[in-house]
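Following: one structure in structure tokens, then a few remarks.
The values are calculated or read from the model by the stated rules, or taken from the named source; none is laboratory data. Note that the coordinates shown come from a computational prediction; the quantities given were computed from them, not determined experimentally. Cβ: placed from backbone, ideal geometry, glycine included. Neighbour counts: every protein chain shown. Please note that ligands, DNA and RNA were not included when accessible areas were found on the heavy atoms of the full protein model with its side chains. Shrake-Rupley method; radii C 1.70, N 1.55, O 1.52, S 1.80 Å.
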Amino acid sequence: MPHDDHVMLESRDLAKTYYSTEPPTQVINGVDLIVRKGEFLVVMGASGSGKSSLLYSISGMDRPTSGTVFLEGRDLTSLSDVEMSRVRLTKMGFIFQQAHFLSNLNIRDNILLPAFKAAPKEKDAAVARVDAIMERFGIAHIKQHGITQVSGGQLQRASLCRALACEPSILFADEPTGALNSSMSTEVMEALTEVHSDGTTLVMVTHAPACAARADRVIYLRDGRLVDSRQLGRWSKEQSTQREDDLLAWLRKLGF
Amino acid sequence: MNERNSPYFRYAYNALIKDKGVNIALAVLLILSAFLMVTGSMVMERSIGSVDQLFEEAKPPHYLQMHKGDYDPDALTRFASDHPEIDAWLVEEMLGFDSAAIAWHRPSTGESGDLADSLIDNLFVTQQEEFDFLIDETGAIPQASRGEVYVPVAYQQSFGLQAGDKLAIRTDTGIHDLRIRGFVRDSQMASSLSSATRFLVSEADFQELGRAGGGTPEIIAEYRLTDPSLASEFQRAYEGDKALPKNGQAVTYQMIRLVNAFSDGLVAVAMVFLSLLLIAIALLSLRFVIRGTLEEEVREIGVMKAIGLPDQAIVSLYLSKYRVMTLLACIIGGVLAVIASGLLTRSIQVNYAQAPVGLTTILVPVLALLSVYLFVIAICRGVLRGVRKVQVVNALVHGSTLHERQTARHAKRQARRARRTSLASYRGRSISRRLAFSDLRAESGQWVLIPIVFFLGTVLMTLPLNLLSTFESPRFVTYMGAPESDVRADLQFSKDVDSVRADVLSSMRSDGQLTQVRVFANELYEIQEGEGWETLRVEVGDYSGATVEFLEGGRPEPGQIALSVLNANRFQLSTGSKLTIRHGGESATVVVSGIYQDVTSGGHTAKMQGEVTTGASGYVIYANTVDRADPAAVAAQYSERFPAATVIPMREYVQQTLSHTTGAFRSAAIMSFIFGIGVAVVITGLFLKLRLTRERRKMGILSAIGFSMGEIVAQVKGKALLTMAAGTLLGLGFVATGGESLVGLFISLAGLGIANLSFIPNLLLVYVAYPVILVGAGYLGAVVLTARLHGADKSLWLRA
């Protein structure tokens, strides 16, 4: 099938089964999904519906049990571990619910890590770029801090900076506000919205309708199957309440 | 409540089957520890029991004095009547035959051979009537009939002799044939360190052998005392009496017992020592595992505390698993020990006696097991005390075992560390390597187990190897009070010893294959000790040129004497001290020129510069071979030409003299090699398994930001390799420095005659092959364990 230039990511008949349980658990069951370039897609669903598993399968963190995933037309499921890690390094960025960092490195070193890894010969350029990103997201003043010395919101913004360090084509976020209070959540969502407005494609898993309302499109999973999707269009601050109400109504209909 | 329904039992059962790899590794360590501890203690108990049993049956003398040549029987009778502390006494007459003069033949199969490989003296005796009996295999006191001989059990084993075999003794007037009736145990000479052994013949055969010539008549004056503790005092009285025969070795009851216990107890002591080392390693691992479990299950602990379970109950719950594991290990180790100790004590039982099974036979292993169990559980309980410090909120909310102040301290430490290391200024190419190094620096406390284990493993493996190579080295002769040379000829006291010496010497000196031929005479001097005189074996000869290595001082000039370490200690003399000696009725004062190490003649020897005259009790001739001449061939040639002389290559002399010791060291070296490798692999596997579980999050992060599994695994393997290599290098350093002193100390305490041991290591094995094998085995374990990571779903590491 010829590749559509507007498509950033596509999954076809994607399935994932965990064999570590008895009996084996099928968490994703034949998901066909297209994420367009520059789109902000949110994945929703009840706990255990397979949201995170879908995110990690389409991002190449985990190998799907069957089906295919294409990133800009390139079949990710056929790549070797080394090739896949190169794709994650240069084309993808990740943000997790818990801000996972290496505790032995300070905030800036953690953010620099992927940049240094991607271009070991261009360290000065990487340092300048990372410093600029940290400045932009308001955490330049904590760059020498250890990860235990800053707030959850600052840490999650640092996660975003690390995800952006290699200027990725697509950003994956797994409940990035799940462990934050409401003000910190807003802080992080503002930053993500800003990144999206720059043209970065964003796929985010969340439980929070207020966060999901910022997306261009929301898909809903149940028992590993994609059961519905809702186009929300471009987000604007003025319409945020209305969008949230519409989304909630739709979610309620789906049994959320 | 039914025991099986107890929550403790269910928890222990579930915990044991949950993490099989870790639990099996821990159990193996504990089983080995228990096994070695019990085997060691059982072997000790059996050895002491066997020696005691033989002493009970054989009634060895409390004091004995050997003597060669004429003596005054009246003087002995007079001495006995003057000393009421003597309970019984006797003079045992013996005939010594060289090993090469005794051959055996098996009529049923036609097999034959001789005893020439044995270097110890073969003494033919008759059975005693009052004490110092030779005991047969059933514990009875056998009487040899005419034409029969009872052979020492040691020979039964080393030459594979059987009852019914014929023994042929070469005398001056022909061959004297005897039939082997059975085998005897000898309380005096049972030890493998003993320099002689006794054959039992009938009175008629003994007289015939004496008349036939070829044997060296010797006597032992033996005394049973009313109180064995008076032996030392009695010895002084005996040695103070000039008229008594005493040109040979004097031995007390305590010495016989000590030598017997020492020679066969060494293995048991080594086992207990090894067991203690293993227990230390097992405890280190247990501590690591328990602390890891507490960290991993901190939320469960928080919940248990929250619902009101007391700390003691939580500790008991976790302890139940280790109770079951240690108990099982003790039972399995104990059963294995019963089997192993049976095998290990077989030769002791044959050489000594079947020790009766008594209360101690059961109590000793049970107490050993109990001490292992209680010690391990006490340490586990100590580590689990950490449960008390867990705070409910910190455990449930932050998943931390630390309380608030500890968390703050930990955070500060981490921040300080993070600030110190700046990746921004890193200009190297390999970011992976940089991460591995910074990890190691930050987590050195957690990785320290590996260097410790590899340090111990290296020490465990190389110390016995170094001892073995030292004792096997031809250069070891410097510890035998002999010069480094290629060939050694021994001429024992006999009628024509002087003419044989002259013949051997002139042949050697005119032989183009030999050079630096030196002769030394074994003379019996007397040394003034307090009021009386004691016998001193002195080797007289020319010590100019490189002869013996001296621990302190140097070679003796005329008017000087060099003493062996044990003699120097015995007479409390040092270099420069003056002493009075007597020989042939003439007294002289000589100065100690130096002190050397000697393991021969029980370590009690001396050396004086002087002309070798005739009339000595024996002679030793050393010679070097010229290029290309084979010492073994030369020795064989001289043995053939001079049957009265024992001519052997120096290497063989060292090997034969020390064969028992080197045999024990070889077994120890093989055992410790297997143990060292085994323990290193098990601990590395155990540590890495737990480490990988705890590093899952970190590996997940690295994978998410674009590190390949190959790079992540390489970091783990690199850290493992580095820590293993560091421990191994430290171990090698210790072995070369402190280890040598430590072993030297043990050897000097053992009273072998060595005060300062320098290793003669096999450099290639110790510094190349062993470290490579050890680290290689550990690394292989790391490779196997990390191989599983490749197929894992990395997201699970971050979502857990």
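List of remarks:
- Condition check for A:ALA115: more than 10 Å from chain B (Cβ to nearest Cβ), within 16 Å of B:SER422 (Cα to Cα) and assigned to a helix (DSSP H, G or I): no
- Among (1) of a type in the set (S, T, N, Q); (2) within 30 Å of B:ALA411 (Cα to Cα); (3) in contact with a Phe, Trp or Tyr (Cβ under 9 Å, 6 or more places away or on another chain) - the single one A:THR201 does not satisfy: (2)
- Out of B:ALA669, B:ALA623, B:ALA629, sole residue that is open to solvent by less than 30 Å² (accessible area, probe 1.4 Å), outside any helix (DSSP H, G or I) and out of contact with any strand residue (DSSP E or B) (no Cβ under 6 Å at 6 or more places or on another chain): B:ALA629
- Matching residues, the range B:128-142, being closer than 10 Å to B:ALA58 by Cβ and in a loop (DSSP other than H, G, I, E, B): B:GLN128, B:PHE131, B:ASP132, B:PHE133, B:GLY139, B:ILE141
- Complete set of residues in the range A:168-183 that are within 13 Å of chain B (Cβ to nearest Cβ) and either at positive phi or hydroxyl-bearing (Ser, Thr, Tyr) (or both): A:GLU175
- Pairs where the first residue, in the range B:404-423, is within 8 Å of another protein chain (Cβ to nearest Cβ) and the second is among the acidic types (Asp, Glu), C-beta under 9 Å, 6+ apart: B:ALA418/A:ASP109; B:THR421/A:ASP109; B:SER422/A:ASP109; B:LEU423/A:ASP109
- Pair list, Cβ under 7 Å, 6 or more apart: the range A:88-105 residue at the interface with chain B (Cβ under 7 Å from one of its Cβ atoms), other residue aromatic (Phe, Trp, Tyr): A:PHE94/A:PHE172
- Pair list, Cβ < 9 Å and 6+ apart or interchain, from the range B:568-594 residues that are in the same structural domain as B:LEU551 (by TED's automatic domain parsing) to residues that are open to solvent by 70 Å² or more (accessible area, probe 1.4 Å) and small (Gly, Ala, Ser): B:THR580/B:SER587; B:ILE581/B:SER587
- Residues in the range B:777-791 that are without any contact (Cβ under 8 Å) to a residue 12 or more places away in the chain and either touching a Lys or Arg at 6+ places or on another chain (Cβ under 9 Å) or facing chain A (nearest Cβ under 9 Å) (or both): B:GLY791 alone.
- Evaluating A:VAL31 against the criteria (1) within 11 Å of another protein chain (Cβ to nearest Cβ); (2) buried (at least 18 other Cβ atoms within 10 Å of the Cβ) leaves one unmet condition, (1).
- Only one of the numbered conditions (1) of a type outside the set (Val, Ile, Thr); (2) closer than 19 Å to B:GLY618 by Cβ; (3) open to solvent by 50 Å² or more (accessible area, probe 1.4 Å) is violated by B:ARG518, and that is (3).
- Odd one out for A:THR77, checked against (1) closer than 24 Å to B:ARG433 by Cβ; (2) in a helix (DSSP H, G or I): (1)
- Entry remark, the range A:76-127: residues being basic (Lys, Arg), closer than 17 Å to A:SER59 by Cα and open to solvent by 40 Å² or more (accessible area, probe 1.4 Å) number 2 in total.
- Inter-residue pairs, beta-carbon under 9 Å, first assigned to a helix (DSSP H, G or I) and in the range B:228-253, second surrounded by fewer than 14 Cβ atoms within 10 Å (Cβ to Cβ) and of a type in the set (D, E, K, R), 6+ apart: B:ARG236/B:GLU531; B:ALA237/B:ASP82; B:GLY240/B:GLU531
- Across the range A:188-242, the qualifying residues are those that are on the phi > 0 side of the Ramachandran plot and touching a residue at least 40 places away in the same chain (Cβ under 8 Å), and the one among them that is most open to solvent (accessible area, probe 1.4 Å) is A:ASP223.
- Boolean, A:GLY67 is at positive phi, more than 7 Å from chain B (Cβ to nearest Cβ) and in a loop (DSSP other than H, G, I, E, B): no
- Scanning the range B:99-127 for residues that are part of a loop (DSSP other than H, G, I, E, B), modelled with pLDDT under 90 and open to solvent by less than 80 Å² (accessible area, probe 1.4 Å) yields B:ARG106, B:PRO107, B:GLY110, B:LEU115, B:ALA116, B:SER118, B:LEU119, B:ILE120.
- Qualifying residue in the range B:604-615 (condition: assigned by TED's automatic domain parsing to the domain that holds B:GLY541, open to solvent by less than 30 Å² (accessible area, probe 1.4 Å) and in contact with a Ser or Thr (Cβ under 8 Å, 6 or more places away or on another chain)): yes
- Elements of the type helices (runs of 4 or more DSSP H) sitting completely within the range B:290-402 and holding at least 2 residues that are modelled with pLDDT of 90 or more and crowded, with 21+ Cβ neighbours inside 10 Å: these cover B:311-344, B:359-384.
- Qualifying residue in the range B:59-82 (condition: among the polar types (S, T, N, Q), surrounded by fewer than 16 Cβ atoms within 10 Å (Cβ to Cβ), at pLDDT below 85 and over 30 Å from B:SER341 (Cα atoms)): no
- From B:SER432, B:SER400, residue being within 9 Å of another protein chain (Cβ to nearest Cβ) and within 49 Å of the chain's Cα centre (by Cα): B:SER432
- Enumeration of residues in the range B:32-77 that are hydrophobic (A, V, I, L, M, F, W, C) and within 23 Å of the chain's Cα centre (by Cα): B:LEU32, B:ALA34, B:PHE35, B:LEU36, B:MET37, B:VAL38, B:MET42, B:VAL43, B:MET44, B:ILE48, B:VAL51
- A:LEU55 satisfies every condition listed in (1) free of Cβ contacts under 8 Å to residues at least 60 places away in the same chain; (2) outside any strand (DSSP E or B); (3) of a type outside the set (S, T, N, Q) except (1).
- Residue in the range B:694-701 that is assigned to a helix (DSSP H, G or I), open to solvent by 60 Å² or more (accessible area, probe 1.4 Å), in contact with a His (Cβ under 7 Å, 6 or more places away or on another chain) and within 14 Å of chain A (Cβ to nearest Cβ) present: yes
- Among residues of the range B:88-103 that are at negative phi, none has a Cβ under 6 angstrom from a residue that is open to solvent by less than 10 Å² (accessible area, probe 1.4 Å) and of a type in the set (Lys, Arg) at a sequence gap of 6+ or on a separate chain.
- Exclusive hit being open to solvent by less than 40 Å² (accessible area, probe 1.4 Å) and closer than 30 Å to B:ASN247 by Cα, set B:VAL22, B:VAL51, B:VAL38, B:VAL43: B:VAL51
- Flag if A:LEU155 is in contact (Cβ under 8 Å) with a residue 24 or more places away in the chain and open to solvent by less than 10 Å² (accessible area, probe 1.4 Å): no
- Scope the range A:119-146; condition within 7 Å of another protein chain (Cβ to nearest Cβ) and either in a helix (DSSP H, G or I) or within 19 Å of the chain's Cα centre (by Cα) (or both); matching residues: A:LYS123, A:VAL127
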